Amino acid sequence: MSAKVVLVTGVSRYLGGRLAAQLSADDTVERVIGVDVIPPKTDVGRTEFVRADIRNPIIAKVIASAQVDTVAHMSVIATPFGAGGRTAMKEINVIGTMQLLAACQKAPSVRKLVVKSTTAVYGSSSRDPALFSENMEPRGLPRSGYAKDSVEVEGYVRGLGRRRPDVDVTLLRFANFIGPRIDTPLTRYFSLPVVPRVLGFDPRVQFLHEDDGMEVLRRAVVEDHRGTFNVAGDGVLLLSQAIRRAGRVEVTFPSPAVSLVGSIFRRSGLVDFSPEQVAFLQFGRGVDTTRLREDFGYTPRFNTIESFDDFVVGSGMTRLVDPARADALGAAVMGLVGRGAAAGMGVVGAALSAVSAVRSPANA
Amino acid sequence: MPEARVIPLDGRNDPSSRRRASASADEPIELPVGGDRAGGAPDWERKVAGAMAFLRRRITGEYDVDEFGFDPDLTDNVMLPVLRPLYEKYFRIETRGMENVPSEGGALIVANHSGTIPVDSTMTTVALHDHHPARRHLRMLAADLVFTLPIIAPMARKSGSTLACNEDAERLMRAGELVGVWPEGFKGIGKPFSERYKLQRFGRGGFVSAALRSGVPIIPCSIVGAEEIYPLVGNIPTLARALGVPYIPITPFFPLLGPLGLIPLPSKWIIEFGEPIETDKIGSAGADDPMLVFNLTDQVREVIQQTLYKLLLARRSVFF
C-alpha cells in the first residue's frame with residue numbers, strides 16, 4: 001500500500017521537517033500535511049502546515065478531513081530544552097502520543113503508522129548483552145526522561161497495533177543521531193570545550209548518520225515495512241575513542257560527581273545530562289541491526305565511525321588535539337631518537353675506547 | 001693482548017657490543033656506530049617507530065573496536081606484552097594439547113577456575129595467542145560483577161571479555177570466535193585452599209546449551225598451578241556482604257603483609273587442552289533437552305577433573 005496522504009507530526013523540528021521536505025519531493029505522495037505548534041523554520045516543500053497541538057482532540061479532525069492514510073509520528077522529543085521543561089516534554093511525548101493514537105484508531109482511512117522511537121528503550125546497565133536485538137527485553141526499565149517516555153509511547157503504539165490489526169505499524173528504534181547539521185544532546189556534549197566522562201568506565205556507543213536515519217524514515221513511509229527495527233550504523237566506538245577522534249580534551253569524574261556536574265550543566269541549559277544519559281555514559285549500549293539489513297532491506301551508508309567523523313568534520317569544531325600536530329610531534333621524536341641513537345652509540349664507543357686506552361697501559 | 005681479556009667481559013651476551021668494543025680498540029668512534037647500524041640499532045629504531053605509531057593511533061583514536069568492545073590494538077600492544085613475562089618467566093607455563101584447539105571457526109573452551117583472582121583466565125589468553133599457530137584471541141565470558149567495577153569493566157571489555165550470557169556467547173561463537181568460559185565462577189575461584197583441584201558445580205550448564213545452539217565443539221581445558229598463587233585460607237563474609245563482593249580473601253600473606261601480600265606465589269603451571277567434544281551432530285534441538293545438557297555438562301566436568309588428577313600426579317613439585 002503506497003502512501004497517498006501523509007501526516008507528519010513534529011514538522012517544525014529538525015527530523016520532522018526533513019522528512020516532510022523529502023516526502024513532498026516524492027511524486028507518489030499526493031499530499032503531505034505537517035503538524036506542529038509552531039510553524040516550520042526550514043523549507044518543507046509543498047507540505048501543508050496545520051498549526052495544531054497533538055495533545056488536543058483537534059488532531060482527529062485534521063486526520064478525518066484530509067483522509068490521511070499514513071501517519072509519521074516524529075514529535076517524541078528527546079530533551080526538555082525548547083519544550084519548556086521536563087513536565088511539558090512528558091506531556092508532549094506521552095499525552096500527545098495518546099491523543100494522536102486515539103485519533104488514528106478512530107479514523108478508518110489510516111492504514112499505516114510510522115513511529116520514531118529510540119534504542120534508549122533498552123536502557124543502559126552493566127548486565128546488558130553486547131548487542132540488543134528487537135525481541136530482547138531491557139535488563140532494567142528506564143526510569144526517567146526520554147527513555148521512559150519512549151517506553152510508554154511504544155506501549156501505546158503496540159496497543160493500537162492490537163486494536164487495529166489492519167494498520168501497518170512500523171516502530172523505528174534509532175541509535176543516537178549524529179551528523180554535520182543535527183543538534184542533539186550528544187552533539188552538544190561532544191562540542192563542549194572539555195568533555196566530561198565517568199571515571200573508570202568507557203562505554204560503547206553507536207551512532208546513526210542523520211542522512212541514513214532520514215532515508216530509513218522515508219522508506220518506512222513510502223514502502224511497507226511492518227514491525228520493529230533497530231536503526232544504527234555498523235560497529236561501535238568507545239566513548240574515549242570518540243573524544244580522541246574529535247580531538248577533544250576529556251575530564252573524568254567519579255559517577256556520583258557526574259550526576260552533580262550533570263545537573264549544573266542541565267540548569268545552565270548547556271547540555272542535557274539527565275540520569276539516563278549518565279547511565280549511558282557509564283555503560284553504553286549496542287544494538288543488532290540484522291533485521292534492518294535483511295527484512296527492511298536497508299544497509300546504512302555510514303557506519304558508526306564514519307558518521308562520527310562526518311559530524312566532527314562537518315560541524316566545524318576545532319580539534320584541540322590535532323592529528324597533524326601529533327604527526328609533527330611523532331616525527332620530531334623519531335628524529336630525536338635517530339640522532340640520539342647515533343650520538344648515544346658514539347658516546348658509548350668513545351667511552352669504551354677511553355676505558356680500554358686507560359686500562360691497557362695499566363695491564364701492560 | 002690485554003684488551004682482549006678486559007673488553008669482552010663488558011658485553012659477553014651481546015654480540016653487537018662485543019663487536020663495537022673490539023672494533024673500538026682500532027678505530028675509536030666511526031666503526032662502532034656503523035657496526036651497530038648494520039646490527040642492533042635499526043631493529044631498536046623500528047621498535048621505537050612501532051611504539052610511536054601505536055601512540056599516534058591511541059591519541060587520534062584511529063583503531064577499531066568490535067561490537068563487544070574488544071580492542072585488538074590495545075590487547076596486542078599493551079595487555080599481552082604486560083602479561084607475557086608473568087606467563088613465561090614467573091609461572092613458566094607449559095601448554096599441552098594445543099592441537100586440540102581449531103585454527104579457525106568457533107569453539108568453546110571450558111576450564112577450571114581457581115586462584116582467588118582470575119589470573120588463570122588471563123594466562124589462558126596468553127597461551128592461546130602466543131602458542132597457538134593461528135595466534136587466536138580468546139573471548140572470555142565474565143561475571144556480572146566485573147562489569148560494575150570501575151577501571152576493571154572497560155579493561156575486561158577491551159581485552160576481549162564480555163558478559164557471560166547466552167546471547168553474547170552464541171553471537172561470538174557463531175561469528176567464529178574462540179570463547180572461554182569458567183563455569184565454576186566465584187565458587188571455583190574463591191574456594192578454600194583445602195579444596196584445591198576439586199571442581200565445584202558447573203553452573204546450570206548454560207555454556208553447554210550455548211555451544212549446542214551454535215554447533216561448535218567444546219574443548220575441556222585443565223589448569224594446574226593457579227590454585228597455589230594465592231592460597232585462600234580464610235574469608236571475611238560480613239565485610240564481603242557489606243561491600244557486595246563474593247568474598248574478601250585472607251591468604252597467608254594478605255592482608256598481613258599489606259600490598260606485598262598481593263604478589264602471587266611463583267607456582268609452576270600446566271595448561272592442558274583436551275580433545276574436543278563435538279556438538280554439531282546433536283544439533284541445536286539438543287539445547288532444549290535438559291537431560292542431554294546435564295549429561296554433557298557432567299561429561300565435560302569429569303574430563304577436566306580426571307585431567308587435573310593426571311597432571312597433579314605427573315607434577316614434580318608446586319614450584320618447579
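Computed quantities for the displayed model
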item: Size of the B/A contact, given as accessible area buried on both chains, probe 1.4 Å, in Å²; result: 3800 Å²
item: Against the rule of thumb 2.2 N^0.38 Å, how large the Cα Rg of chain B comes out; result: 1.21
item: Residue-averaged beta-carbon neighbours from other chains (10 angstrom radius) around A:318-324; result: 2
item: Largest-first ordering by accessible area, 1.4 Å probe, given options B:227, B:94, B:45; result: B:94, B:45, B:227
item: Solvent exposure of chain A as accessible area per residue, Å², 1.4 Å probe; result: 40 Å²
item: Residues residue A:109 and residue A:199, FRET efficiency given R0 of 41 Å [Cβ-Cβ distance, rounded to 0.05]; result: 0.15
item: Chain A, relative contact order in percent, only Cα pairs under 8 angstrom and at least six apart counted; result: 16 percent
item: Relative packing of peptides B:130-143, B:237-250 - highest average C-beta neighbours within 10 Å first; result: B:130-143, B:237-250
item: Fraction of accessible area attributable to carbon and sulfur, the stretch A:178-262 (%, probe 1.4 Å); result: 56 percent
item: Dipole magnitude (debye, nearest 20) for chain B, charges at Cβ of Lys, Arg, Asp, Glu; result: 840 debye
item: Euclidean distance of C-alpha centroids, the stretch B:61-121 and the stretch B:127-148, integer Å; result: 4 Å
item: Percentage relative contact order, the stretch B:108-267, counting C-alpha pairs under 8 Å, at least six apart; result: 28 percent
item: Lys, Arg +1 and Asp, Glu -1 on Cβ, resulting dipole of the protein assembly as shown about Cα centre, debye, nearest 20; result: 1500 debye
item: Part-to-part distance (alpha-carbon centres) for the stretch A:2-53 and the stretch B:201-215, which is given in Å; result: 52 Å
item: Rg to Rh quotient for the protein assembly as shown, alpha carbon positions, Kirkwood Rh; result: 1.07
item: Top of B:213, B:57, B:84 by mean-square fluctuation, Gaussian network on chain B, Cα under 10 Å; result: B:57
item: Gyration tensor over alpha-carbon atoms, the stretch B:84-125, equivalent ellipsoid semi-axes in Å; result: 21, 14, 9
item: Sum of side-chain charges, residue A:320 neighbourhood, beta-carbon under 13 Å (Lys, Arg +1; Asp, Glu -1); result: +3
item: Dipole of the stretch A:1-42 [Lys/Arg +1, Asp/Glu -1 at C-beta], most positive-end residue of A:8, A:40, A:22; result: A:40
item: Radius 15 Å from Cβ of residue B:312, net charge of other residues (Lys, Arg +1; Asp, Glu -1); result: +2
item: At least 27 Å along the helix axis (C-alpha) and Kyte average at least -1.0, DSSP helices within chain B; result: B:41-60, B:290-314
item: Candidate lysines - alpha carbon under 17 Å from residue B:198, same-chain residues fewer than 8 apart omitted; result: B:187, B:310
item: Within straight-line cross-link reach of residue A:41, lysines at Cα separation under 23 Å, skipping those fewer than 8 residues along the same chain; result: A:116
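The values are calculated or read from the model by the stated rules, or taken from the named source; none is laboratory data. Everything quoted here is computed from the prediction, not taken from an experiment. Glycine also receives a Cβ, built like all others from the backbone with ideal geometry; neighbour counts cover every protein chain displayed. Side chains included, ligands, DNA and RNA excluded: accessible areas come from the protein's heavy atoms. Shrake-Rupley method; radii C 1.70, N 1.55, O 1.52, S 1.80 Å.
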